Amino acid sequence: MHWIPLNHNSQLETIAEKSYLQPQVIFKHSTRCSISSMALNRLEKSTAPVGVDYYYLDLLAYRVVSDAIADKWKIEHESPQVLIIRNGDCVFDTSHNGISMQVISTQLER
């Protein structure tokens, strides 16, 4: 799985713009949380759908970016958390044990 590091607020506008061409997935990961590590491990062991950009946000290092995500897409911050951005909007988010590639794939097919 190829992760694009998400570490600047300025990337959020790029993600929104790119989401008009193809879905964008953001994974918000807390490196100190065992549930977050399990979710990351599940994602990395799965086959990711193609035609999607996958962003990885280290919440401990870039909490300000996570806050900007919550503000921009009007979603409550959770950790770990997956968001799907399509046509400039957050069309899906889930957290904790709800995070799996199967869930992401199903949402991308909608």
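Just so you know, all these numbers are worked out from the coordinates, no wet-lab data involved. Note that the structure is a prediction, hence the values are computed from the model and not measured. Glycine also receives a Cβ, built like all others from the backbone with ideal geometry; neighbour counts cover every protein chain displayed.
Quick look at the values:
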| quantity | calculated |
| --- | --- |
| Restricting region 28-57 to trypsin sites (Lys or Arg not before Pro) in coil, as DSSP defines it, with at most 13 other Cβ within 10 Å | Arg32 |
| Estimated [θ] at 222 nm from DSSP helical runs (n ≥ 4, -39500 (n - 2.57)) normalised by residues in the chain, nearest 500 | -11000 deg cm²/dmol |
| If the convex hull is drawn through the Cα atoms of region 4-109, its volume per residue in Å³ | 84 Å³ |
| FRET efficiency, Asn97 to Tyr20 (Cβ-Cβ, R0 35 Å, nearest 0.05) | 0.65 |
| Nitroxide proxy distance, nm - points 7 Å out along Cα→Cβ at Asp67 and Asn9 | 0.9 nm |
| Potential extension, Glu44-Asp58 segment - 0.36 nm per residue separation minus Cα distance | 3.5 nm |
| Most fluctuating residue given options Ser34, Ser19, Ser79, as computed from a GNM of the chain linking Cα atoms under 10 Å | Ser34 |
| Karplus (6.51, -1.76, 1.60) ³J(HN,Hα), θ = phi - 60°, over region 98-105, in Hz, Gly and Pro reported as x | x, 8, 7, 5, 4, 5, 4, 4 |
| Net charge contributed by nearby residues that have their C-beta within less than 12 Å of Leu59 (K/R +1, D/E -1) | 0 |
| Contour excess over end-to-end distance, with Cα ends at Ser34 and Thr106 and 0.36 nm allotted per residue | 23.4 nm |
